[in-house]
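For reference, the structure discussed in these notes is given below.
The values are calculated or read from the model by the stated rules, or taken from the named source; none is laboratory data. Keep in mind that this is a model prediction, so the values were computed, not measured. Using ideal geometry, Cβ is built from the backbone for each residue, glycine included, and neighbour counts are taken over all protein chains shown. These accessible areas exclude ligands, DNA and RNA; they are computed on the full protein's heavy atoms, side chains included. Shrake-Rupley method; radii C 1.70, N 1.55, O 1.52, S 1.80 Å.
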Amino acid sequence: MVAETIVKIRELTKIYAQGEIQVTALDHITLDIAAGEFLALMGPSGSGKSTLLHIIAGVDRPTSGECLVQGVDVTKLNETQLADWRNQNVGFIFQTFNLIPVLTAAENVELPLLLTQLDRRQRRQQVEMALEVVGLGDRAKHLPRQLSGGQEQRVAIARALVTDPKLIVADEPTGNLDSHSAQEVLTALQSLRRDAGKTIIMVTHDPKAAAFGTRQIHLEKGELSA
Amino acid sequence: MTLPTFIIKNALRNKRRALLSVSSVAVSLFLLVTLQVALRELTLPVESPGAELRVCARNKVSLTNPLPARQRPIIERIPGVEGVTPFTWFGGQYQNEGAMTFAQFAMDPKETRRVFTDFKLSDAELARFQTGKTAAIIGKITADKYHFKAGDHITLNSTVYPGALEFTIAGIFSGTADDRMMLFHQDYLDDSIGTPGLVGMWWLKVKTADDMPRVIAAINQAFANTAAEVRAESERAFQLGFISMLGNIKTLIASISTVVVFTLVLVTASTMSMAVRERFRELAILKALGFRRRELFVFILAESFGLAAAGALLGIGTAYVAYTFGNISKMTHGIFVSFEVTPRIMGLAALVAAVLGVISAVAPALAVARTSVVDGLKTLD
Ligand SMILES: Nc1ncnc2c1ncn2[C@@H]1O[C@H](COP(=O)(O)OP(=O)(O)OP(=O)(O)O)[C@@H](O)[C@H]1O
Ligand SMILES: [Mg+2]
């Protein structure tokens, strides 16, 4: 069975113009990502990894080119459509400070559900399930500062998957973690792909982290290299 | 969790700051209400019952120039005049107070009922007042303040005439627009330290409202081109003349109020900016999760509005309770009597708070709307 293509990128270019100086962050990128892949996006600092990830996830816009996610060209949606699209189709995990400090783990996970039609009971069920998946069912009432760095990132993973999106994007999710916590987070991501069939795009500097992926690609000065 | 709980948790995340900003709104609005209530009371026209039928006649040169007593029969003969009494400022100080705390006027007690229809005074008290030469009647506010009662002897040092006079309190009146003054016999003043043949002003009552303009014109005409020209006007016009002298105080209070409001806007706006700025990154994450600009604006607006509303409730509420149930007349030694916190003033303060809540939210909300997710994420990274 040939997996469907979930992300289809064509000639994607992003140029930052600052006065006279132009920085080409992405230079005519063409890339397909299949559903169910765990893609590790690697490359040196400043190579355009975050920029690419942001465009795919619908929080940044390219200068030119196409980026279709599940058949929708996200570059053509307006701000409001994009917000709704993100809520329904993408889960985000950032490197640090993912969580709102005044909300408990469960409340943080619940945030994206506040934008849905689900009632309170349904939301609670979804939240409990998501926290179970990342092995934090017993930490629902904890505030972010009462959690370890690894646990915080796993709460972020729970929040990313609670709306059941097909695509999860993570920008250096283990960048600030010790190797043990990193291991926990990567294992959790891995099982999301394996058990729930999610497509995961993860930016990382760390080859050991990248090894958890099913495919690795490298960016170099805005261009893909083998 | 619901959106309102989320907003409340956000607003209370820095409890000390929330408390400080609520307090600063509360204190400022308390001050604003106080100023407005004071302003209202100072500029409130003294509407005493019967005022529409009373005429005040004073020396055309100024209020402090006296009038000759011989003008009285001429005024009395003018058709439409029902009663006339002299009204002479005594300027007495009680004991060693060093300041005048209530006004005293010398007049003709026989005319009391005829001219001052609004006085509440028993017939017995009035009779005592009219018969005793040193007798005086005194307003209830002053009587209460000094615990005066009928039969008391009090001595007042005049700041106008040389020396002091002793009075016997014959009765205590109420029901006038200003139950503070004291009235006593013009004869007593003339026969002791006063200047016989001169009075301060004339107060008179006309029979009907229709008589008023004609009587005023007649009085003014009667003494034109004499040594003591007279300016007669309705009691209301006379009072308004006093109020216009308060014009400067009015401007002062109005400008202090403006400064209070302006400072308040600066304080709350900067508080909100700070509160939002320090969670720019969080707001960017919310955006990434699918929250729209509109929703983030509502969060910020609700928080700002909530702070202003809490402050308003506290500040306006405290003012209302304090001025409604506190004894303002006692606290201000009778300078302010009613100090009424009217619905209009409370409404004004609430409106200021509401506008404040909105204005304070605008700049931070615009900043958030203008910041893309990517830029927002970079803050604090
Ligand atoms: N807002 C911006 N204005 C101008 N240039 C920018 C902006 N954002 C990114 N760039 C530039 O675009 C290039 C790619 O940036 P990007 O953040 O995608 O790199 P990265 O691969 O994620 O790096 P890192 O590993 O350090 O996170 C860099 O050269 C960067 O300086
Ligand atoms: Mg990056």
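A few comments on the model shown:
- Residue B:92 assigned by TED's automatic domain parsing to the domain that holds residue B:191 and surrounded by fewer than 21 Cβ atoms within 10 Å (Cβ to Cβ): no
- Selection status of residue A:111, in contact with a helix residue (DSSP H, G or I) (Cβ under 7 Å, 6 or more places away or on another chain), assigned to a helix (DSSP H, G or I) and facing chain B (nearest Cβ under 8 Å): yes
- Residues in region B:337-381 that are within 16 Å of ligand 1 (Cβ to nearest atom) and either more than 14 Å from every other protein chain (Cβ to nearest Cβ) or in a helix (DSSP H, G or I) (or both): B:370, B:373, B:374, B:375, B:376, B:377, B:378.
- Residue A:46 being out of contact with any Asp or Glu (no Cβ under 6 Å at 6 or more places or on another chain) and either near ligand 1 (Cβ under 9 Å from one of its atoms) or modelled with pLDDT of 95 or more (or both): yes
- Residues that are more than 9 Å from every other protein chain (Cβ to nearest Cβ), free of Cβ contacts under 8 Å to residues at least 40 places away in the same chain, open to solvent by 50 Å² or more (accessible area, probe 1.4 Å) and under 30 Å from residue A:17 (Cα atoms) are absent from region A:137-145 altogether.
- Flag for residue B:118 being within 21 Å of residue B:139 (Cα to Cα) and surrounded by fewer than 17 Cβ atoms within 10 Å (Cβ to Cβ): yes
- Filter result (within 8 Å of another protein chain (Cβ to nearest Cβ), open to solvent by 30 Å² or more (accessible area, probe 1.4 Å) and in a helix (DSSP H, G or I)) within region A:51-100: A:79, A:80, A:84, A:88
- Scanning region B:288-301 for residues that are more than 14 Å from chain A (Cβ to nearest Cβ), part of a helix (DSSP H, G or I), open to solvent by less than 40 Å² (accessible area, probe 1.4 Å) and under 30 Å from residue A:60 (Cα atoms) turns up at least one hit.
- One residue alone among B:78, B:8, B:74 is open to solvent by 40 Å² or more (accessible area, probe 1.4 Å), more than 30 Å from residue B:252 (Cα to Cα) and away from chain A (no Cβ under 14 Å), and that residue is B:74.
Residue-by-condition table, conditions (1) within 13 Å of chain B (Cβ to nearest Cβ); (2) aromatic (Phe, Trp, Tyr); (3) in contact with a Gly (Cβ under 6 Å, 6 or more places away or on another chain); (4) open to solvent by 20 Å² or more (accessible area, probe 1.4 Å):
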residue: A:132; (1), (2), (3), (4): no, no, no, yes
residue: A:154; (1), (2), (3), (4): no, no, no, yes
residue: A:169; (1), (2), (3), (4): yes, no, no, no
residue: A:173; (1), (2), (3), (4): no, no, no, no
residue: A:177; (1), (2), (3), (4): no, no, yes, yes
residue: A:198; (1), (2), (3), (4): no, no, no, no
residue: A:218; (1), (2), (3), (4): no, no, yes, yes
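- Residue count for region B:11-30 under the criterion of being away from chain A (no Cβ under 14 Å) and surrounded by fewer than 18 Cβ atoms within 10 Å (Cβ to Cβ): the result is 5.
- Residue match in region A:178-189 (condition: on the phi < 0 side of the Ramachandran plot and within 16 Å of ligand 1 (Cβ to nearest atom)): no
- Assessment of region B:275-286 against the conditions (under 30 Å from residue B:35 (Cβ atoms), away from chain A (no Cβ under 14 Å) and either open to solvent by 50 Å² or more (accessible area, probe 1.4 Å) or within 16 Å of ligand 2 (Cβ to nearest atom) (or both)) yields no matching residue.
- Selection of region A:70-105 for residues being within 14 Å of the chain's Cα centre (by Cα) and within 16 Å of ligand 2 (Cβ to nearest atom) yields A:92, A:93, A:94, A:95, A:96, A:98.
- Of everything listed in (1) within 16 Å of ligand 1 (Cβ to nearest atom); (2) over 23 Å from residue A:50 (Cβ atoms); (3) of a type in the set (Gly, Ala, Ser), the single unmet condition for residue A:170 is (2).
- Any chance residue B:41 is of a type in the set (Asp, Glu), modelled with pLDDT under 95 and assigned by TED's automatic domain parsing to the domain that holds residue B:353: yes
- Filtering region A:117-124 for residues that are part of a loop (DSSP other than H, G, I, E, B), out of contact with any helix residue (DSSP H, G or I) (no Cβ under 8 Å at 6 or more places or on another chain) and at pLDDT below 95 leaves a non-empty set.
- Restricting attention to region A:29-53, the residues that are under 14 Å from residue A:203 (Cα atoms) and either in contact with a Pro (Cβ under 6 Å, 6 or more places away or on another chain) or within 16 Å of ligand 2 (Cβ to nearest atom) (or both) total 15.
- Of all the numbered requirements in (1) modelled with pLDDT of 90 or more; (2) more than 30 Å from residue A:147 (Cβ to Cβ); (3) within 16 Å of ligand 1 (Cβ to nearest atom), residue A:18 misses one, and that requirement is (1).
- Hey, residue A:26 open to solvent by less than 20 Å² (accessible area, probe 1.4 Å), within 14 Å of chain B (Cβ to nearest Cβ), within 16 Å of ligand 2 (Cβ to nearest atom) and not polar (S, T, N, Q) or not: yes
- Test: residue in region B:220-231 that is touching a Ser or Thr at 6+ places or on another chain (Cβ under 8 Å) and assigned to a helix (DSSP H, G or I): no
- Exactly one residue out of B:241, B:200, B:175 is among the small types (Gly, Ala, Ser) and either over 23 Å from the mean Cα position of the chain (by Cα) or crowded, with 19+ Cβ neighbours inside 10 Å (or both), and it is B:200.
- Pairs with Cβ under 7 Å, 6+ apart, first in region A:40-52 and at positive phi, second more than 8 Å from ligand 2 (Cβ to nearest atom) and open to solvent by 20 Å² or more (accessible area, probe 1.4 Å): A:43/A:218; A:43/A:220
- Output for region B:138-181, where each listed residue is part of a strand (DSSP E or B) and within 16 Å of residue B:118 (Cβ to Cβ): B:138, B:139, B:171, B:172, B:173, B:174
Results for (1) among the aromatic types (Phe, Trp, Tyr); (2) surrounded by 14 or more Cβ atoms within 10 Å (Cβ to Cβ); (3) touching a Lys or Arg at 6+ places or on another chain (Cβ under 9 Å), shown as yes or no for each residue.
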{"site": "B:69", "(1), (2), (3)": "no, yes, no"}
{"site": "B:101", "(1), (2), (3)": "no, yes, yes"}
{"site": "B:105", "(1), (2), (3)": "yes, yes, no"}
{"site": "B:112", "(1), (2), (3)": "no, yes, no"}
{"site": "B:125", "(1), (2), (3)": "no, yes, no"}
